[in-house]
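Following: one structure in structure tokens, then a few remarks.
The values are calculated or read from the model by the stated rules, or taken from the named source; none is laboratory data. As the structure is a prediction and not an experimental result, all values here were calculated from the model. Using ideal geometry, Cβ is built from the backbone for each residue, glycine included, and neighbour counts are taken over all protein chains shown.
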Amino acid sequence: MKKYIVFTLVAAVMVLMQACGGGGNDNPTPTSTTDPNLLNTWKVSQVLENSLDITSEFTQYRITFAESGSSKTYTLVSRTGTTSTGTWALSTDGTSITLTPSGGTAVTLSGVSITATQLKYNADEAGKAGNVNLAFTLIPA
């Protein structure tokens, strides 16, 4: 009789575990680690070289960040209207973005701040007297 009770209890526990799914998920849905606000097309609202406003030189500037599965791509229209594409990566702390152009050298945007209405970052650019640091404020295009 004891064997029958033990067998019944074991069977009942197994049925309950099966009905509850065992607490695991064999096929978890992949999630993005990207701030969803970043995935947009952005245009310049303001560009400062130190305290000098040079926004008028960036009227054509646009950058689009896209993500499809594990593929993270960008399209950049420079201030001169030249288009380039490549891949991007957001740092784990969300404060820098590395752009790697197709067949080119990676560029890091620092001091990144992302909201639904604004993208801010700093970038170095070649100027007349060498590299200069520019502060970009972009808004959705």
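The table below lists the values:
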| read-out | value |
| --- | --- |
| Residue in region 110-118 that is out of contact with any strand residue (DSSP E or B) (no Cβ under 7 Å at 6 or more places or on another chain) and modelled with pLDDT under 95 present | no |
| Any chance ALA135 is loosely packed, with under 13 Cβ neighbours inside 10 Å, aliphatic (A, V, I, L, M) and either over 15 Å from the mean Cα position of the chain (by Cα) or closer than 13 Å to LEU38 by Cα (or both) | no |
| Residues of region 79-99 classified as in a strand (DSSP E or B) and surrounded by 16 or more Cβ atoms within 10 Å (Cβ to Cβ), total | 5 |
| Among (1) part of a strand (DSSP E or B); (2) modelled with pLDDT of 95 or more; (3) touching a strand residue (DSSP E or B) at 6+ places or on another chain (Cβ under 7 Å), the one test that GLU125 misses | (2) |
| Answer from ILE114, ILE63, ILE54, ILE139 - the residue that is more than 15 Å from TRP42 (Cα to Cα) and in contact (Cβ under 8 Å) with a residue 40 or more places away in the chain | ILE54 |
| Tally of residues being closer than 15 Å to ILE139 by Cβ and in contact with a Gly (Cβ under 7 Å, 6 or more places away or on another chain) across region 35-59 | 0 |
| Given (1) modelled with pLDDT under 95; (2) surrounded by 14 or more Cβ atoms within 10 Å (Cβ to Cβ); (3) within 16 Å of the chain's Cα centre (by Cα), number of the condition LYS72 does not satisfy | (1) |
| Among residues of region 101-132, those that are more than 20 Å from PRO36 (Cα to Cα) and among the hydroxyl-bearing types (Ser, Thr, Tyr), counted | 2 |
| Which listed residue is within 22 Å of LEU134 (Cβ to Cβ), within 21 Å of the chain's Cα centre (by Cα) and at pLDDT 95 or above, from VAL47, VAL77 | VAL77 |
| Of the criteria (1) under 18 Å from the mean Cα position of the chain (by Cα); (2) modelled with pLDDT under 95, which one THR64 fails | (2) |
| Top-ranked residue in region 53-77 [being part of a strand (DSSP E or B) and among the polar types (S, T, N, Q); ranked as nearest to ASN37 (Cα to Cα)] | THR64 |
